[in-house]
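The values are calculated or read from the model by the stated rules, or taken from the named source; none is laboratory data. Not measured: the values here are computed from a predicted model. All Cβ positions, even for glycine, are placed from backbone atoms using ideal geometry, and neighbour counts span all protein chains on display. Note: accessible area is taken over every heavy atom of the protein model, side chains too, but ligands, DNA and RNA are not part of it. Shrake-Rupley method; radii C 1.70, N 1.55, O 1.52, S 1.80 Å.
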Amino acid sequence: QVQLVESGGGLVQPGGSLRLSCAASGFIFPISFMGWYRQTPGKERELVAVITDGGTTNYADSVKGRFTISRDNAKGTVYLQMNSLKPEDTAVYYCVRGSPPRNWGQGTQVTVSS
């Protein structure tokens, strides 16, 4: 049974930072691609970042230079460090397993507002 549990979302001011975590279980985490999507009402679901089993990363142009995806294989956890946050980063952020995604977490809300 695959489980992906996100945490770390919240309300932050523009220019601030948040670190999202995704605790994974039920599959062989070290050989799995992991990623983060985000969804805002009225907008297309957007792939934010991906990290391969070998640690190679890729980012949406909108977050390059501001967000960093990483993984801790010993803990079975993937992270998304978000810096210099903008109001347009407001969304529900979802942790996913696989490329294309095979499993989704429940999501965590990130709100960037003054």
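Rolling a 1.4 Å probe over the protein heavy atoms of the chain, with every protein chain left in place, gives an accessible area that is 47 percent carbon and sulfur. Placing a label point 7 Å from the Cα of SER25 along the Cα-to-Cβ direction, the residues of region 72-114 whose backbone N falls under 12 Å of that point are 76. Modelled spin-label separation between ASP72 and THR111, with each label point placed 7 Å from Cα along the Cα-to-Cβ direction: 2.9 nm. Taking only Cα atoms and a 10 Å spring cutoff, compute GNM fluctuations for the chain and point out the largest among VAL96, VAL48, VAL63. Highest fluctuation of the listed residues: VAL63. Solvent exposure of the chain, expressed per residue, is 53 Å² of accessible area, with all protein chains present and a 1.4 angstrom probe.
Here the contact order of region 23-114, divided by its residue count and restricted to Cα pairs under 8 Å and six or more residues apart, works out to 28 percent.
Local charge for ILE31 was computed over the other residues whose Cβ lies under 12 Å away, with Lys and Arg +1 and Asp and Glu -1, and equals +1. Applying both filters, DSSP loop and at most 15 other Cβ atoms within 10 Å, to the trypsin sites (Lys or Arg not before Pro) of region 37-114 gives LYS43, ARG45, LYS64, ARG66, LYS75, ARG102.
Given an 8 Å cut-off on Cα distances and at least 6 residues of separation, report the relative contact order of region 74-114 as a percent.
Details: 38 pairs, mean separation 16.3, N = 41.
Averaging sequence separation for qualifying contacts and normalising by length gives 40 percent for region 74-114.
Extension gain for GLN39 to LYS64 (0.36 nm times residue separation, less C-alpha to C-alpha distance): 7.2 nm.
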